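Below is one structure, written out as structure tokens; comments come after it.
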Amino acid sequence: MTGFSADWLSLREPADAAARDTTLTARLGALTRERARSRFIDLGCGTGANLRYLAPRIGGLQEWLLVDRDESLLARVGEIPGCTIHTRCVDLTSGLESFALDGDVVVTASALLDLVSDRWLTHLISRCHESRAAALFALSYDGRITCEPVDADDEWIRQLVNLHQRGDKGFGPALGPKAAERACELFSGFGYEVHSALSDWHLQPRDSELQRALIEEWATAAAELAGGESDRCLAWRQRRLNHVARGASRITVGHLDVLALPGSFAG
């Protein structure tokens, strides 16, 4: 699985929190609070941003198992009142057999599904179905990028970025922008009650550091697939960075949140 630095995760955490759909979180919280103790497994947890977002909004007593392959990121997971927190160092690309699921657990992840393959996602959702576990998957990139001011090469770069997103991120060919849609399809096929909602980043001039990081990342990804036109990617990068430097840049990045509830959980 492609690694992410603590600095990058920290940079994106405020944008993630601002983007997430509150209605799905509230719906899940209303259901889990009916239980004496809510149980969660957070896949690809990083430093625990998903925990930090959900725990105070879910409320009540909670037990969390946070799973990531990077011990240095797991070491940054802090304590939250009312939560019993366990961490486990697991490389998710090797499979999902190292932890048990059951009908009282909520499987959750943030910004993960677009990295995984169809085969991996199918296996995960099959395991959720077998155990009647609920799921909340947040912030899956859905292929939409819009930039202001508009540049003639924005759409060309977006298409290259989306193609790059379909490459192997360690799980096999990634679902990329189709991940959330595919998750909804799979859960629906198993009879789950499925809800999805937009969770777009709306980055303003004040978000200049995150904008610069995205522009650099997109230009690098696009250049890998642009063949003889890598210089065109670098020129686009410089124009966009100039907009950021002038305080004139706004960027929207499309994401989807997905909540899936088995009948036994919803009932």
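When you check Ala222 against the structure, is it small (Gly, Ala, Ser), part of a helix (DSSP H, G or I) and either in contact (Cβ under 8 Å) with a residue 40 or more places away in the chain or surrounded by 15 or more Cβ atoms within 10 Å (Cβ to Cβ) (or both), yes or no? Even if it seems obvious, please write down each step before you answer.
On the way: small (Gly, Ala, Ser): yes; part of a helix (DSSP H, G or I): yes; either in contact (Cβ under 8 Å) with a residue 40 or more places away in the chain or surrounded by 15 or more Cβ atoms within 10 Å (Cβ to Cβ) (or both): yes.
Taking the combined requirement at face value, the residue satisfies it.
Take the residues in region 159-181 that are surrounded by fewer than 18 Cβ atoms within 10 Å (Cβ to Cβ) and not hydrophobic (A, V, I, L, M, F, W, C); name whichever of them is nearest to Arg237 (Cα to Cα).
Checked region 159-181; the qualifying residue nearest to Arg237 (Cα to Cα) is Gln159.
I'd like to know if region 12-24 contains one or more residues that are in contact with a strand residue (DSSP E or B) (Cβ under 6 Å, 6 or more places away or on another chain) and among the basic types (Lys, Arg). Break it down stepwise before answering.
Quick first cut of region 12-24, residues in contact with a strand residue (DSSP E or B) (Cβ under 6 Å, 6 or more places away or on another chain) only: 15-16, 19-21, 24.
Imposing the further condition that a residue be among the basic types (Lys, Arg) reduces the set to 20.
Yes, some residue in region 12-24 is in contact with a strand residue (DSSP E or B) (Cβ under 6 Å, 6 or more places away or on another chain) and among the basic types (Lys, Arg).
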Residues located in region 68-116, provided they are of a type in the set (D, E, K, R), under 28 Å from Gly263 (Cβ atoms) and exposed (fewer than 14 other Cβ atoms within 10 Å of the Cβ)
Glu97, Asp102
Go through (1) assigned to a helix (DSSP H, G or I); (2) without any contact (Cβ under 8 Å) to a residue 24 or more places away in the chain one by one and return the number of the condition Pro81 breaks.
(1)
Just to be sure, is Leu65 assigned to a helix (DSSP H, G or I) and crowded, with 16+ Cβ neighbours inside 10 Å?
no
Considering only region 30-49, state which residues are closer than 18 Å to Ile80 by Cα and surrounded by fewer than 16 Cβ atoms within 10 Å (Cβ to Cβ).
Arg33, Ala36, Arg37
Could you list, in sequence order, all residues of region 218-233 that are modelled with pLDDT of 95 or more and either within 21 Å of the chain's Cα centre (by Cα) or not charged (D, E, K, R) (or both)?
Trp218, Ala219, Thr220, Ala221, Ala222, Ala223, Leu225, Ala226, Ser230, Cys233
Step by step: first the residues of region 139-197, then only those that are without any contact (Cβ under 8 Å) to a residue 40 or more places away in the chain and closer than 26 Å to Thr25 by Cβ, then the one that is nearest to the chain's Cα centre (by Cα). Which residue is that?
Lys178
Which ones in region 137-163 are within 30 Å of Val107 (Cα to Cα) and of a type in the set (D, E, K, R)?
Asp142, Arg144
Of all residues in region 198-217 being small (Gly, Ala, Ser) and surrounded by fewer than 18 Cβ atoms within 10 Å (Cβ to Cβ), which is nearest to the chain's Cα centre (by Cα)?
Ala213
Inside region 66-101, the number of residues satisfying the requirement of being over 20 Å from the mean Cα position of the chain (by Cα), modelled with pLDDT of 95 or more and within 23 Å of Pro173 (Cα to Cα) is 0
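Taking into account only those residues within region 10-43 that are within 13 Å of the chain's Cα centre (by Cα) and free of Cβ contacts under 8 Å to residues at least 60 places away in the same chain, which is nearest to Asp207 (Cα to Cα)? Please lay out each step first, then the result.
Restricting attention to region 10-43, the residues satisfying the condition of being within 13 Å of the chain's Cα centre (by Cα) are 12-13, 15-17, 19-21, 42-43.
So of that shortlist, the ones also free of Cβ contacts under 8 Å to residues at least 60 places away in the same chain come out as 13, 17.
On the way: Glu13: 12, Ala17: 14 Å.
The extreme case among them is Glu13.
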Failed criterion for Ala133 (all others in (1) more than 17 Å from the chain's Cα centre (by Cα); (2) modelled with pLDDT of 95 or more hold):
(2)
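If you scan region 16-65, which residues turn out to be hydroxyl-bearing (Ser, Thr, Tyr), modelled with pLDDT of 95 or more and within 26 Å of His123 (Cα to Cα)? Don't jump to the end; show me each part of the working.
In the first step, residues of region 16-65 are kept if they are hydroxyl-bearing (Ser, Thr, Tyr); the result is 22-23, 25, 32, 38, 47, 53.
Okay, now just the ones that are also modelled with pLDDT of 95 or more, so 22-23, 25, 47, 53.
Selection gives Thr25, Thr47.
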Please verify whether Pro14 is in contact with an Asp or Glu (Cβ under 9 Å, 6 or more places away or on another chain), at negative phi and surrounded by fewer than 21 Cβ atoms within 10 Å (Cβ to Cβ), treating the condition exactly as stated.
yes
Hits in region 43-76 (condition: of a type outside the set (Gly, Ala, Ser) and under 17 Å from Ala17 (Cα atoms))
Cys45, Thr47, Asn50, Leu51, Arg52, Tyr53, Leu54, Pro56, Arg57, Ile58
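The values are calculated or read from the model by the stated rules, or taken from the named source; none is laboratory data. All figures in this text were calculated on a predicted structure; none of them were measured in a lab. Cβ coordinates were reconstructed from backbone atoms using ideal geometry, including for glycine residues, and neighbour counts include every protein chain displayed.
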